[in-house]
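Q: Okay, here's the structure, questions in a sec.
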Amino acid sequence: KGHHHNMVRGVTFPMPERRPFVRLPTDVYPVNYGLRLKPDLIDFTFEGKLEAAVEVTQGTNQIVMNCADIDIITASFVPEGGDEINATGFNYQNEDEKVTLCFPSTLQKGAGSLKIDFVGELNDKMKGFYRSKYMTASGEIRYAAVTQFEATDARRAFPCWDEPAIKATFDITLIVPKDRISLSNMNVVDRKPYPEDHSLVEVKFATTPIMSTYLVAFVIGEYDFVESQSSDGVTVRVYTPVGKAEQGKFALEVATKTLPFYKDYFHVPYPLPKIDLIAIADFAAGAMENWGLVTYRETALLIDPKNSCASSRQWVALVVGHELAHQWFGNLVTMEWWTHLWLNEGFASWIEYLCVDHCFPEYDIWTQFVSADYTRALDLDALDNSHPIEVDVGHPSEVDEIFDAISYSKGASVIRMLHNYIGDEDFRTGMNAYLLKFQHKNASTEDLWECLEQASGKPIAAVMNSWTKQMGFPIIVVDQEQHGSDRVLKISQKKFCASGPRNGTYENCPNWMVPISICTSEDPSCTKMKVLLDQPETTVNITNVAPDHWIKINPGTVGFYRIQYSSAMLESLLPGIRDLTLLPVDRLGLQNDLFSLLHKQADMQEEKNRIERVLGAIPAPDLIQRVLNFALLYIALRLSKRCLHFI
Ligand code: BES
Ligand code: ZN
């Protein structure tokens, strides 16, 4: 059982087999982690003491936990009202990043306390509990101790049940040099001298709400900060390197505007008394949404007021908006398993724009979404080596492999399409129901679809499954006929493919459930009609459209598909481009579709003429030139990499 063999010329070789991944047993689970950590910022080690309140659901003589690069010194179990039982063995399963604690007698069903003393290394791998280098004003090199736990590195800082669905409360105490700042998820409740060494202090943080291990964080180092209160009474601080507090002011403004926006949007208050945002010198990701203590790469948080461009301010606003959205969507309601990580990230990558658009309308940030995330996702997802945004994740080491621009940008794009399909009011109602139903718990993608389905009465799960469980997206082919005062559209879908038609059959030609909106020249910014294309083709009748009026599909460029208009329809859109009644995002979408519809080099000149005709309608010659140059460069780059075809 479990052995696959590969026959090659009569000889069998065992297949290199990925060991099946098994989640932690559920016979013992944590209720509260009492955790004391004493990092040594000179020797790069730390000592830890865990005292976890646990519940035994079924008598057992062993406890299996996650643990990686940690040495356990002693472990014991104290049943409630009983005598301490010392563990007689620690069985490390290194590949699985687990340890089994063996006890000489059965731990009976009921409550108890698990005590573990351990030591670890403050590593230099930027994951788990690690060291981050900085220089003081006088040029001395020092180290801060910081954490990065997502997806599965809390187990490098303390033995724990390191799975997102195993939530518990945390009481964290840090023992640190008294001249250092120490931060964790919660506010400080006690600070006293450490009896054994008067250069140290013992800092105790308030009990956290019930939460997943990957969201736990602590930082020990030297920082300055700026502080403010958000209108809903949350203390917001932005921690910066010493001497750079000024550079935290912009992020502070963003955060204090963002918190009330989310409180209002989600209809759920931010549940912690404080939130810190901190710039970390050595940081692997862009930012991390640890609950109440969000960590950032310096460039994603700091703005030099004298010396920064609009685009770096926009970036900071988006990253802050993204991580603060996770405080609700991700932290308060957490995905049940890493399979749903795309939803966590896709959702935050969409709502960060909604938030920035609300707080800084002058940025016109949605245009940036279309020109960055949306078009990038379409480009990548048209390739044969794309993948569905939702993939089964077994071993969490697969998280890094599959987590890419497709998950983030396509994820955000399909959520944007969904929001548009449902409408803001019903979307918010469904979101609110979801957050209330699952707060302090875990949920799956299906749970969200169900809440949105309830709120909207629309077939959300069926629509969304077609976008998340299969890779790629359709090209929508449109043609029109005028019937008296009616306009009749013939709309069909087929898979859009950058690598050209596939040899062979089309028997399992994929289909999508495509929400399609339609506008006319009467009001180009307003949707005149919506249809859900759930078959290969359909006919749509739009009443009262004068013969000289044009029709456009996908106003706002929110649908995750490309459009191929008949020549006549495309030509008819020219006046809308010329007089700028067509919105910038619509012109952008149109232009982007045209470029990607090029299918062979020989067509380039013809296509160039076509594009020039469309763009030529824009009354701004220098802009046209810039766009054209960019477009041609872009086309050349794409053609050199692969031959661009579509079916
Ligand atoms: N939670 C992620 C970071 C993450 C994801 C760490 C998966 C480990 C595994 C965070 O919210 C995030 O998305 N950060 C982005 C920046 C964001 C603005 C798109 C990043 O780090 O690139
Ligand atoms: Zn994120």
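The values are calculated or read from the model by the stated rules, or taken from the named source; none is laboratory data. In this text, all values refer to a predicted model and were calculated from it rather than measured experimentally. Here Cβ is always computed from backbone atoms with ideal geometry, including for glycine, and neighbour counts include all displayed protein chains. Please note that ligands, DNA and RNA were not included when accessible areas were found on the heavy atoms of the full protein model with its side chains. Shrake-Rupley method; radii C 1.70, N 1.55, O 1.52, S 1.80 Å.
Q: Could you grab me the full set of residues in the stretch 429-445 that are open to solvent by 70 Å² or more (accessible area, probe 1.4 Å) and within 15 Å of residue 350 (Cβ to Cβ)?
A: Across the stretch 429-445, there are no qualifying residues.
Q: For the stretch 115-147, which residues satisfy the criterion of being open to solvent by less than 20 Å² (accessible area, probe 1.4 Å), in a strand (DSSP E or B) and farther than 20 Å from residue 88 by Cα?
A: 120, 123, 128, 129, 130, 132, 144, 145, 146, 147
Q: To continue, here is another question. Looking at 263, 257 in this structure, which one is modelled with pLDDT of 95 or more, over 21 Å from residue 168 (Cα atoms), open to solvent by 60 Å² or more (accessible area, probe 1.4 Å) and touching a Cys at 6+ places or on another chain (Cβ under 8 Å)?
A: Numbers: 263 fails: touching a Cys at 6+ places or on another chain (Cβ under 8 Å).
Of 263, 257, the one residue that is modelled with pLDDT of 95 or more, over 21 Å from residue 168 (Cα atoms), open to solvent by 60 Å² or more (accessible area, probe 1.4 Å) and touching a Cys at 6+ places or on another chain (Cβ under 8 Å) is 257.
Q: Also, quick follow-up: Got a sec? Which of 367, 339, 299 is open to solvent by 10 Å² or more (accessible area, probe 1.4 Å) and touching a helix residue (DSSP H, G or I) at 6+ places or on another chain (Cβ under 6 Å)?
A: Working: 339 fails: touching a helix residue (DSSP H, G or I) at 6+ places or on another chain (Cβ under 6 Å); 299 fails: touching a helix residue (DSSP H, G or I) at 6+ places or on another chain (Cβ under 6 Å).
Every option except 367 fails the conditions.
Q: Among the residues that make up the stretch 395-405, is at least one of them open to solvent by 20 Å² or more (accessible area, probe 1.4 Å), in a helix (DSSP H, G or I), away from ligand 2 (no atom under 16 Å from the Cβ) and touching a residue at least 40 places away in the same chain (Cβ under 8 Å)?
A: Within the stretch 395-405 (the criterion being open to solvent by 20 Å² or more (accessible area, probe 1.4 Å), in a helix (DSSP H, G or I), away from ligand 2 (no atom under 16 Å from the Cβ) and touching a residue at least 40 places away in the same chain (Cβ under 8 Å)), the answer is yes, since at least one residue qualifies.
Q: Looking at 294, 320, can you tell me which residue is in a helix (DSSP H, G or I) and within 11 Å of ligand 1 (Cβ to nearest atom)? Reasoning before the result, please.
A: Numbers: 294 fails: in a helix (DSSP H, G or I).
Testing whether each residue is in a helix (DSSP H, G or I) and within 11 Å of ligand 1 (Cβ to nearest atom) leaves just 320.
Q: For the stretch 325-349, how many residues are of a type in the set (Val, Ile, Thr) and either assigned to a strand (DSSP E or B) or within 12 Å of ligand 1 (Cβ to nearest atom) (or both)?
A: Of all residues in the stretch 325-349, those of a type in the set (Val, Ile, Thr) come to 333-334, 339.
Cutting the leftovers down to either assigned to a strand (DSSP E or B) or within 12 Å of ligand 1 (Cβ to nearest atom) (or both) gives us 333-334.
Looking only at that region, the number is 2.
Q: Consider residue 423 carefully, then state whether it is over 13 Å from the mean Cα position of the chain (by Cα), open to solvent by 10 Å² or more (accessible area, probe 1.4 Å) and on the phi > 0 side of the Ramachandran plot. Reasoning before the result, please.
A: Working: over 13 Å from the mean Cα position of the chain (by Cα): yes; open to solvent by 10 Å² or more (accessible area, probe 1.4 Å): yes; on the phi > 0 side of the Ramachandran plot: yes.
Answer is yes for this residue.
Q: Pull out all pairs, ordered by first then second residue, where Cβ-Cβ is under 9 Å, the residues are six or more apart or on different chains, the first lies in the stretch 258-287 and is within 19 Å of residue 314 (Cα to Cα) and within 16 Å of ligand 1 (Cβ to nearest atom), and the second is basic (Lys, Arg) and open to solvent by 50 Å² or more (accessible area, probe 1.4 Å).
A: 277/237; 278/237; 279/244; 279/297; 285/297; 286/297; 287/297
Q: Residues of the stretch 237-249 being open to solvent by less than 30 Å² (accessible area, probe 1.4 Å) and part of a helix (DSSP H, G or I), which ones?
A: 245, 248 - these are the residues of the stretch 237-249 that are open to solvent by less than 30 Å² (accessible area, probe 1.4 Å) and part of a helix (DSSP H, G or I).
Q: In the stretch 358-370, is there at least one residue being within 14 Å of ligand 2 (Cβ to nearest atom), at pLDDT 95 or above and either under 12 Å from the mean Cα position of the chain (by Cα) or not acidic (Asp, Glu) (or both)? Steps first, please.
A: Here is the first cut: in the stretch 358-370, the residues within 14 Å of ligand 2 (Cβ to nearest atom) are none.
Taking every residue of the stretch 358-370 in turn, none turns out to be within 14 Å of ligand 2 (Cβ to nearest atom), at pLDDT 95 or above and either under 12 Å from the mean Cα position of the chain (by Cα) or not acidic (Asp, Glu) (or both).
Q: Next question. Which condition breaks for residue 306 when tested against (1) surrounded by fewer than 17 Cβ atoms within 10 Å (Cβ to Cβ); (2) without any contact (Cβ under 8 Å) to a residue 40 or more places away in the chain; (3) within 16 Å of ligand 2 (Cβ to nearest atom)?
A: That leaves (3) as the condition not met.
Q: Can you say whether residue 377 is surrounded by 24 or more Cβ atoms within 10 Å (Cβ to Cβ), over 22 Å from residue 435 (Cα atoms) and within 14 Å of ligand 1 (Cβ to nearest atom), as far as the supplied structure shows? Working first, answer last.
A: Values: surrounded by 24 or more Cβ atoms within 10 Å (Cβ to Cβ): yes; over 22 Å from residue 435 (Cα atoms): yes; within 14 Å of ligand 1 (Cβ to nearest atom): yes.
When the stated conditions are applied, residue 377 passes them.
Q: Hey, any hits in the stretch 102-114 for a residue that's part of a strand (DSSP E or B), basic (Lys, Arg) and surrounded by 12 or more Cβ atoms within 10 Å (Cβ to Cβ)?
A: So far as the stretch 102-114 goes, no, none of its residues is part of a strand (DSSP E or B), basic (Lys, Arg) and surrounded by 12 or more Cβ atoms within 10 Å (Cβ to Cβ).
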